Structures are given as C-alpha cells and as structure tokens.
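Please read the structure below before turning to the comments.
The values are calculated or read from the model by the stated rules, or taken from the named source; none is laboratory data. Just so you know, these numbers come straight off a predicted model, no measurement behind them. With ideal geometry, Cβ positions are generated from the backbone for all residues, glycine too; neighbour counts draw on all protein chains shown.
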Amino acid sequence: MFYYVQILHTTGVYTVQFTDTNTLYFHAFPKHDNMFYTMSRILILDDNQKILDTLSRNFSTEGIECRTASNIKEALDALQCCPIDLALVDVRIGDENGIDALKEIKQLTPELPVMMITGFATIETAVEAIKIGANEYIKKPIKFSELLEMVAPYIAEKPAEVPAIPNMQTRNPRMISLIKKALKLAQSNLSVLILGESGTGKEVFADIIYHHSQRSEKQFLRVNCAAFPDTLLDNELFGHEKGAYTGATDRFQGVFERADKGTLFLDELGDMPLPIQAKILRAIQEHEIRRLGGKDIINIDVRFIGATNHDLEKMVADKTFRGDLYYRLNCAALTLPPLRERKEDIPLLAEYFINQLTIQNGSRPIKIAPEAMEKLISYDWPGNIRELKTAVTYGATICADDVIYPDDLPIKSGSTETQPPSASKLSPRQAVEKELYLRILAKHDYNKKKTAEELGVSRTTLYSKMSKYGINEQ
C-alpha cells in the first residue's frame with residue numbers, strides 16, 4: 001500500500017511516496033506554464049498477493065499509483081472510492097471468474113479501459129472478453145517492461161481536469177470551475193471576496209490565490225477578525241503610534257503595514273464593526289492607512305483577500321455591513337458550495353484525510369468499509385469539510401482491525417435537519433427523476449447496488465440523489 005503527498009515547487013510537482021515499511025521515494029514531474037498533471041492510477045485485480053505486491057512496487061517506481069484487490073467486491077469498492085485510469089484483471093481470481101469481474105466493472109464504469117491477463121489463454125475466453133469490452137488480452141508470462149509499454153497509451157500523462165492543488169480534493173464540476181476562476185484571479189491584483197458556509201474551504205482558496213500570484217514570494221498574513229474585540233482589531237489591522245493610548249509604550253505596525261508588497265487575508269470579514277469597515281475600504285481604494293494616534297499617511301501596496309460565512313447582501317440591507325465595501329469586493333467573489341451539494345467528493349476527501357492521518361502517525365493503513373462510506377455519503381454535513389475530517393479522524397482512531405465501520409463514525413445515519421425540496425418546489429424534470437429513483441428502488445427492495453446498476457449510475461450518485469429528494473433508505 002502506498003500513500004502520496006504532492007508538493008508544489010517552482011521546479012516541478014514532486015510526489016512524496018510513503019509505504020507500509022516507511023520507505024520513502026520521490027518522483028519528479030516536469031512543470032509546464034499554468035499546467036499541472038495528475039498521477040496515473042491503476043487497479044490490479046488478482047488473488048495472488050505476491051503478484052499484487054510485485055506489480056505495485058514496479059509501477060510505483062514509474063510514478064504510477066496502484067490500487068489492488070483480491071476479489072471482485074474489493075475491486076468494485078476501489079472503483080467507487082477514487083478515480084482509476086486503467087484496470088488489470090486476471091482471468092482466474094480464486095473461485096471467481098475474471099470475465100464476471102469484467103462484466104461488473106464495465107457495468108459500473110463503462111468508459112474504464114480494462115486489460116485481461118491470464119496464464120490459461122483460450123480463443124473462446126479472449127473473444128468473450130473482447131466482446132464484453134476488454135481493451136487487451138495478455139498471456140502470461142510477460143516481462144514488466146513489455147506490460148509497461150502496453151499500459152502506457154492508457155495512462156499517458158495528461159492535463160488534470162483540475163490543477164493539482166495541495167489540500168484540494170474534488171471531482172465536482174462547480175468546484176473545478178471555482179478553482180480555475182481562482183487561478184485566473186490570482187494573476188491579477190484584484191481584491192477577492194470568498195463566501196461560503198463555515199468549513200467549506202475558504203482558507204484553502206485564499207492559499208490557492210496567494211501561492212499562484214505574482215506575490216507568492218512575499219509575505220502572506222492572516223487575521224481572523226472574529227478573534228479580536230473591536231478596539232484590539234483596529235490596533236491589529238492599522239497599528240498605533242507611541243502614546244496613542246494608555247499602555248502604548250512603543251510604535252506598533254499593523255498587519256496592513258506589515259503585509260506591504262505581499263498579501264493580507266482577513267477571515268470572518270462580516271464580524272467587523274462599521275468604523276473599521278470604512279478604514280479597510282480606504283486602505284483598499286487609496287492604498288494608504290494611518291496608525292492609531294498618528295497624523296502621517298502611510299502608503300501601502302497590499303493584495304487583499306477577505307472571507308466570511310455571513311450573508312453580506314442581507315447585512316448590507318440591514319445596514320450592518322457597508323454597501324460600498326461589499327460592492328467593491330463583490331466584483332471578484334468566489335462562492336463555495338457546501339459539502340451536501342458536492343457529495344461525489346466525500347469518498348475522495350475521506351480517503352485523503354485517512355491517508356494524511358496514516359502518514360502523520362506512521363500507523364498501519366486504514367480502510368473505510370463500504371457501508372461506512374455509504375453512511376458518510378448519506379449524511380448532510382452541516383459542518384462541511386471540517387466536520388467530515390473530524391468524523392473520519394475519530395473513526396480512524398477508535399476503529400478495530402484497521403477498518404472503519406458505521407458504528408465508528410460519530411454521526412447519525414441519514415441526512416441532517418437540512419430539508420429536501422418539497423414536491424411543489426420541484427421542477428418537472430426533478431419530479432420525474434425523483435419518481436424514477438423511487439420506482440427502481442422499490443423494484444429492488446431498496447438494494448442500492450442493484451438499483452445503481454439498473455439506473456446506470458454509481459452508488460455515490462444514488463445516495464446523493466436520495467439525499468437530495470429526501471428518499472429514506474428503508
């Protein structure tokens with residue numbers, strides 16, 4: 001089993017690879033202007049553990065990540081937990097048949113390339129495999145160099161759908177679009193406003209903008225506005241002169257001044273009092289500040305990023321947030337979706353957090369049982385990604401036998417108090433879709449695997465739709 005951490009560097013994207021034996025490898029991938037690349041990932045299905053270990057080790061030295069499975073169920077679970085570029089399937093898998101595996105893989109992921117490998121090749125089996133959709137039919141024994149050559153066209157290095165951003169895990173189209181927008185904004189000097197519920201990743205987006213900006217070599221200062229009383233926040237932002245108030249024995253530079261030529265990130269922007277909002281507007285527009293108790297104007301050159309989980313439009317209407325500051329920032333705004341609207345990312349995020357924990361603790365690899373993953377997907381996560389990380393970390397800490405089961409997760413089954421849309425609010429298309437899902441679920445006595453197969457969707461999508469339309473699991 002291997003774990004990977006991508007490190008972005010000016011000379012390339014480096015992948016640090018950890019193994020169970022704490023062996024460490026480095027793989028360097030070339031960096032191209034404004035283009036990042038993903039590691040290829042292969043699924044190997046074989047009941048021979050020695051073959052799995054050997055192929056995993058050999059592929060890893062070529063910078064290719066491997067997921068292994070010794071039976072069909074493990075292979076299908078792996079396909080639903082993370083993106084796979086190619087599957088290598090043995091024709092004989094213990095008591096199971098590789099042709100049956102091919103059928104189920106193609107039913108779950110029709111576009112996935114599959115290579116069948118066998119030491120017992122027959123014309124009949126080869127013809128059947130090709131008819132079902134196998135891309136190659138390989139006879140053992142085969143040299144790894146030859147296998148690598150056959151695999152190469154299917155896993156050729158390709159531009160990632162989303163740039164390889166540290167700490168960013170997503171397959172959601174809306175998130176991918178937001179990341180691309182953030183990368184474009186990063187190249188400008190525009191002030192950026194990041195909106196979204198608590199725990200949706202606003203600080204991660206601030207990091208993206210900073211690290212991909214022309215100021216990435218300069219300072220990046222962060223202030224949580226909610227952590228300071230009003231008087232101390234004014235002092236923290238703008239500083240003071242000696243003698244400005246009792247106890248001000250020395251001159252103090254605020255973060256606006258200290259961040260000169262760099263980037264300043266103010267989190268919880270909506271918690272600031274109106275007088276400080278006025279000062280921030282002036283600092284952004286005029287590029288100047290004045291210390292508390294001071295008379296001199298200080299010119300600054302600061303890239304400003306603000307974030308809040310408040311509804312600023314409502315606050316402007318209630319006159320608790322300055323309209324001129326809001327409209328000044330809103331022209332370059334990023335609104336992050338809550339986790340309940342990007343459920344396809346839950347398996348990806350959960351696996352990422354577990355791998356991080358394993359690397360940090362130097363512990364044995366931990367797996368998430370399929371039924372535990374289903375529980376994660378069906379939950380609505382009011383605390384968003386932060387809550388998911390806490391839940392997965394807790395489960396990984398208390399689980400037995402290095403497997404997280406549903407009872408190990410500190411969440412209730414099913415969705416939270418977030419209400420699905422009522423029938424009257426559904427569009428005609430949504431109403432038909434809900435009825436279709438209800439009918440197929442009932443047909444299969446709410447068997448999720450069979451329902452997903454008939455609908456032609458993954459179980460992740462099925463659970464997302466059930467949650468969206470308030471369909472109980474029965």
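Just a few scattered comments:
- Condition met for Glu236 (of a type in the set (Asp, Glu), closer than 23 Å to His310 by Cβ and without any contact (Cβ under 8 Å) to a residue 40 or more places away in the chain): yes
- Residue in the range 201-212 that is free of Cβ contacts under 8 Å to residues at least 60 places away in the same chain and β-branched (Val, Ile, Thr) present: yes
- Number of the condition not met by Pro347 [criteria: (1) over 15 Å from the mean Cα position of the chain (by Cα); (2) surrounded by 20 or more Cβ atoms within 10 Å (Cβ to Cβ)]: (1)
- Subset tally (residues that are modelled with pLDDT of 90 or more and in a helix (DSSP H, G or I)) for the range 378-396: 13
- Search result, residues across the range 84-98 that are under 10 Å from Leu43 (Cβ atoms) and either outside the structural domain of Glu128 (by TED's automatic domain parsing) or surrounded by fewer than 20 Cβ atoms within 10 Å (Cβ to Cβ) (or both): Asp85
- Out of Ala69, Ala101, sole residue that is aliphatic (A, V, I, L, M) and more than 21 Å from Glu124 (Cβ to Cβ): Ala69
- Taken across the range 73-81, residues that are in a loop (DSSP other than H, G, I, E, B) and either assigned by TED's automatic domain parsing to the domain that holds Ile346 or touching a strand residue (DSSP E or B) at 6+ places or on another chain (Cβ under 9 Å) (or both) do not occur at all.
- Within the range 360-377, considering residues that are touching a helix residue (DSSP H, G or I) at 6+ places or on another chain (Cβ under 9 Å) and not in a helix (DSSP H, G or I), the one surrounded by the most Cβ atoms within 10 Å (Cβ to Cβ): Ile368
Each row is one residue, and each column tells you yes or no for (1) at pLDDT below 85; (2) not charged (D, E, K, R).
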site: Tyr37; (1), (2): yes, yes
site: Ser40; (1), (2): yes, yes
site: Leu45; (1), (2): no, yes
site: Glu62; (1), (2): yes, no
site: Glu65; (1), (2): yes, no
site: Ala87; (1), (2): no, yes
site: Arg92; (1), (2): no, no
site: Glu111; (1), (2): yes, no
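- Extreme residue, nearest to the chain's Cα centre (by Cα), among residues of the range 54-72 that are crowded, with 16+ Cβ neighbours inside 10 Å and either part of a helix (DSSP H, G or I) or without any contact (Cβ under 8 Å) to a residue 24 or more places away in the chain (or both): Ser60
- Of all residues in the range 94-108, those that are among the charged types (D, E, K, R) have Cβ atoms under 7 Å from Cβ atoms of residues that are part of a helix (DSSP H, G or I), 6 or more apart or on another chain, in Glu96/Ile72; Asp100/Ile72; Lys103/Ile132; Glu104/Ile72; Glu104/Leu76; Lys106/Ile132.
- Checking each residue in the range 304-340 for being touching a residue at least 40 places away in the same chain (Cβ under 8 Å), part of a helix (DSSP H, G or I) and surrounded by fewer than 18 Cβ atoms within 10 Å (Cβ to Cβ) picks out Met315, Asp324, Arg328, Asn330.
- Residues of the range 267-280 classified as within 32 Å of the chain's Cα centre (by Cα) and surrounded by fewer than 24 Cβ atoms within 10 Å (Cβ to Cβ), total: 4
- Residue in the range 208-235 that is farthest from Ile297 (Cα to Cα), counting only those that are surrounded by fewer than 16 Cβ atoms within 10 Å (Cβ to Cβ) and charged (D, E, K, R): Glu217
- Residue in the range 293-311 that is at pLDDT below 95, in the same structural domain as Lys184 (by TED's automatic domain parsing) and in contact with a His (Cβ under 7 Å, 6 or more places away or on another chain) present: yes
- Which listed residue, of Tyr405, Tyr327, Tyr394, Tyr352, is hydroxyl-bearing (Ser, Thr, Tyr) and in the same structural domain as Leu178 (by TED's automatic domain parsing): Tyr327
Matching residues to (1) in contact with a strand residue (DSSP E or B) (Cβ under 9 Å, 6 or more places away or on another chain); (2) basic (Lys, Arg):
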position	(1), (2)
Leu334	yes, no
Gln360	no, no
Lys367	yes, yes
Lys375	no, yes
Tyr379	no, no
Arg386	no, yes
